[in-house]
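Notes to accompany the following structure.
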Amino acid sequence: MIQDGGQLTAHPHVHGPNCNHGSPVPPAPANALISGHGVSVSRNGRALIENVSLSIAAGEILTLIGPNGAGKSTLVRALLGLEPLTSGRIERKPGVRIGYVPQRFDLDPTIPLTVNRFLALGTSSGTGTWEMSATLGEVGAPHLLRAEVSRLSGGELQRVLLARALLHKPDLLVLDEPVRGLDHLGEAAMYDLISAVRDARGTAILLVSHDLNLVMAKTDRVLCLNRHVCCSGRPEAVAAHPAYAQLFGPEAARAFAVYTHHHDHTHDATGAPVPQPASKPAVKSLTKN
Amino acid sequence: MEPFFVRALLAAIGLAIIAAPLGCFVVWRRMAYFGETIAQASLIGVAAGLALQSNLTLAVVLMTLAMAVMLMALERQRIVPVDSLLGTMHYVALALGIIATSQLSGPTVNVMGFLFGDVLAVSTPDLVMLAAAAVAVYGTLYWLWEPLLRLSIHSDLAAAEGVAVQRTRIVFTLLLALVIALAIKVVGALLAIAFLIIPAVAARPLSRTPETMAMFAIGIAVLSAVAGLYLSAAYDLPSGPSIVVAMAGFALGSMVYASVRSKTALTS
């Protein structure tokens, strides 16, 4: 499933002293739901992303991290076909269904819209109230069916958007900064919810985050983007990578490592991860210090 | 009732039914100024139609469609903000229209008639045209409603889910230009956009879904058309402006109702 295992995949071109060079981007695995090959996007002559290759396999959680302006949303939009490519190509497995939760969803308050009307829009006409209620229950928002979308709080809106994406029965969920505007408790709850959805449905998830300390413990792979792919691999491997430390500072790297090691698994004598029983992460560990 | 008054009534009601659902999208998509700019181009169409001695309605329709296409193309540029661009085009179109009509020889052109409309002068062929337009607008909206609504809610989400965003946007804009041209015939270039947006504004506080808002807008527009024409006949007032004032009355009432309701909801 995890195509490059614990090994780091470095980007194939020269850009700085701390990145590995020379190892070519491997071809997309046969079970990839969606893959990008040498994708570049530029706007007004300015490169937003350059020569990015990635693939997402069925059932895996791939987290895309990078500083502001790294091109994370551009890459996501390119994968979804919303952004014209300057070069490279996007391949989708035929018939793959994608659920999308955009980074910003500011409903114009002049549009009257209830949650149930919103959920019914664009889903197959057979989607009944029962299915909507069940899906809202799955994301922890069963009481919102009759609520007005423009009056939802940030956390409620994220849950409704997630429910709407799930009603499309996606093979892949694309979540662009799903914890945007949530407090630390809300973030932790949202990450728990996302991994619960993967466990229950086996849906692959592409998750975008700028918050490096909080990359969820259940991420299978992390791809670190700074217009190009800086490094990618398992979370703990990326956190130890010099390119990661250079981008985000050693402090961030330590906090990240602490979080993954203490709240998901421990390591046995050989260094292999040993899962811990699921427990709610303490709030304290979610803050940076 | 006099036949001319029956025709006026039918024209105003027909236009109300055609314009109200489109007006909801104009409000949702914040296109009021866009529509206003299209409406101002109609005077150029009038002048061209008179100069070429062709059908005036056809000339106006062609001119509003041309303006809509031009604005869609110009919206893509990034040099000037869109509202400044619309402001510029709005006044350029008005100025050119006035210059063009002033240069026409022959019988004096009734510019006022085109700026404020004359619903009492509507002819039977005009009514037939309105009926045909009603069929075209509702036929198009039947398959455009859901994609257009999804586009209005969130255009990226709609595009990611497979809505043909660009095509939907273009068809809607052309439909809007057509309805504006028809509204000019009834209420004039200066008041045409009022017919689109005021019923939608009045319907918003009463509605919880887009569909109920469109229904309320149609109802309010029809009632306003009847009430406005009655006022205009009873007190010898200009007809188009009377309809617009009736619409504004509904909008005011609905906003007062909404604010009273939200206050009682807070205190109870």
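The values are calculated or read from the model by the stated rules, or taken from the named source; none is laboratory data. Since the model is a prediction, treat every value here as computed from it, not as a measurement. We place every Cβ from the backbone using ideal geometry, glycine too, and count neighbours over all the protein chains shown. Heads up: the accessible areas ignore ligands, DNA and RNA and are worked out on the full protein's heavy atoms, side chains in. Shrake-Rupley method; radii C 1.70, N 1.55, O 1.52, S 1.80 Å.
Return the average number of partner chain Cβ atoms within 10 angstrom of each residue Cβ along peptide A:103-110. The per-residue average across the peptide is 4.
Working from Cα pairs under 8 Å separated by at least six residues, relative contact order for region A:26-128 is 29 percent. Against the criterion of solvent-accessible heavy-atom surface with a 1.4 angstrom probe, A:Trp130, B:Trp143, B:Trp28 sort, most first, into A:Trp130, B:Trp143, B:Trp28.
Interface residues of region B:138-154, defined as those losing at least 30 Å² of solvent-accessible heavy-atom surface relative to the isolated chain (probe radius 1.4 Å), are listed as B:Glu146, B:Arg150, B:Ile153, B:His154. Computed from the Cβ-Cβ distance with R0 of 25 Å, the FRET efficiency linking B:Met112 to B:Arg208 stands at 0.05.
If I compute solvent accessible area with a 1.4 Å probe over the protein chains, what percent of it on region B:101-165 is carbon and sulfur?
65 percent
The heavy atoms of A:His143 present about 130 square angstrom of accessible area, all protein chains included, probe 1.4 Å. Packing here is the average count of other Cβ atoms within 10 Å per residue, and on that basis the peptides A:65-72, B:257-264, highest first, run A:65-72, B:257-264.
For the pair B and A, how large is the buried accessible area, both sides, in square angstrom to the nearest 100, if the probe is 1.4 Å? Can you show the working numbers first?
Values: alone 13400 and 13470 Å², together 24740 Å².
Approximately 2100 Å², summed over both chains.
Here B:Tyr138 sits with roughly 90 square angstrom of accessible surface, probe radius 1.4 Å. For region B:1-99, the relative contact order comes to 33 percent (Cα pairs under 8 Å, sequence separation of at least 6).
For every helix of n ≥ 4 consecutive DSSP H residues, a contribution of -39,500 (n - 2.57) applies; sum these over chain B, divide by its total residues, and give [θ] at 222 nm rounded to the nearest 500 deg cm²/dmol. After summing the helix terms and dividing by residue count, I get -27500 deg cm²/dmol.
Among A:37-50, B:185-198, A:157-170, how do they line up from the highest to the lowest mean number of other beta-carbon atoms within 10 Å? Could the numbers behind the result be given before it?
Details: A:37-50: 16.0, B:185-198: 26.1, A:157-170: 22.4.
Going from most to least packed, we get B:185-198, A:157-170, A:37-50.
Extending 7 Å from the Cα toward the beta-carbon at both B:Tyr138 and B:Ala51 defines two label points whose distance is 3.9 nm. For region A:70-183, the share of accessible area belonging to carbon and sulfur comes to 49 percent (1.4 Å probe, ligands and nucleic acids excluded). When peptides A:189-195, B:91-97 are sorted by average Cβ neighbour count within 10 Å, with the highest value leading, the order is A:189-195, B:91-97. Peptide A:113-122 has a mean of 5 when you count, residue by residue, the C-beta atoms of other protein chains within 10 Å of its C-beta.
For chain B, hydrophobic long helices are taken as DSSP H runs at least 15 Å long by C-alpha position along their axis with mean Kyte-Doolittle hydropathy of -1.0 or more; these are B:3-28, B:56-74, B:82-102, B:124-153, B:165-187, B:192-203, B:210-235, B:239-267.
For the peptide A:76-85, the mean number of other protein chain Cβ atoms found within 10 angstrom of a residue's Cβ is 2.
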